[in-house]
Amino acid sequence: IPEHFDGMDDLIYLHLDLMDALDLHDAVVVGMSMGGWAAAEMAVRNTSRMSKLILVDAVGIKAGGRDARDIADVFGLPQDDVTRLLFHDPANAPDPATLTDEQMIEIAANRIALAMYTWEPYMHNPKLRYRLHRIRVPTLLIWGESDGLVSVTYAEAYRDLIPGAELVVIPKAGHAPQVEQPDLFCDHVYQFAAK
């Protein structure tokens, strides 16, 4: 995390600047979970370098009422509970006993970054839902049917806020369908990108 970063906006503008620096054209932008939130935020700001947007089990909006918990609290729950929320089959989760020290350090660093970018308000921007109408590129949401972090109902609310967006729900997959159903996930990505 660069020293001057203190929130999601920094990450969003870093990626928009990177697209400019690389002079990308007609990019298919894919964002997963927190990255899906960042991709949606990028798209409401500027889609001039994008041809399509794919959001995979994205967080980022407040879908329910003020007191509804739309997104499970991954920081407050025991790790075994979090694993059950994230995976259709918890056996697909990484086994910490088999990971190297470098991999464990990477996981810890990712959790630190996740907390910094998503802590307050928790995993959403209260204004994003009112800006999603600005997305003017074809958009696909891909969701794991068993996602316990953000449900399919949450996905439907997200889809309904983006003009013309489509939703594909992948069976036997949780929050990371690219891990639990990689072939089916890739089929949907490639078919949408080729349209």
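The values are calculated or read from the model by the stated rules, or taken from the named source; none is laboratory data. Here the structure is a predicted model, which means the values were calculated and not measured. Please note: Cβ atoms are built from the backbone with ideal geometry, for glycine as well, and neighbour counts cover all protein chains shown. Just the protein is used for accessible areas: all its heavy atoms, side chains included, with ligands, DNA and RNA removed. Shrake-Rupley method; radii C 1.70, N 1.55, O 1.52, S 1.80 Å.
For segment 8-194, the ratio of Cα radius of gyration to the globular rule of thumb 2.2 N^0.38 Å stands at 1.01. Around the Cα centre of segment 31-119, unit charges on the Cβ atoms of Lys, Arg, Asp and Glu (plus for the first two, minus for the last two) sum to a dipole of about 640 debye. Candidates Pro2, Val59, Tyr117 compared by Cα position along the dipole of the chain: farthest toward the positive end lies Val59, with charges placed on Cβ. Counting only Cβ charges, +1 for Lys and Arg and -1 for Asp and Glu, the dipole size of the chain around its Cα centre is about 960 debye.
Karplus-derived 3J(HN,Hα) values for segment 134-144, using 6.51 cos²θ - 1.76 cosθ + 1.60 with θ = phi - 60°, are 6, 6, 10, 10, x, 10, 10, 9, 10, 9, x Hz; glycine and proline are entered as x.
Taking every DSSP helix (H) stretch of at least 4 residues in the chain, weighting each as -39,500 (n - 2.57) and dividing the sum by the residue count yields a mean residue ellipticity at 222 nm of -12500 deg cm²/dmol.
Kirkwood radius, segment 33-132, all distinct C-alpha pairs, inverse of mean reciprocal distance: 15.5 Å. Solvent-accessible surface of the chain, taken per residue with a 1.4 Å probe and all protein chains present: 54 Å². Using the average count of surrounding beta-carbon atoms within 10 Å as a protection proxy, the listed peptides 157-164, 146-153 rank, highest first, as 146-153, 157-164.
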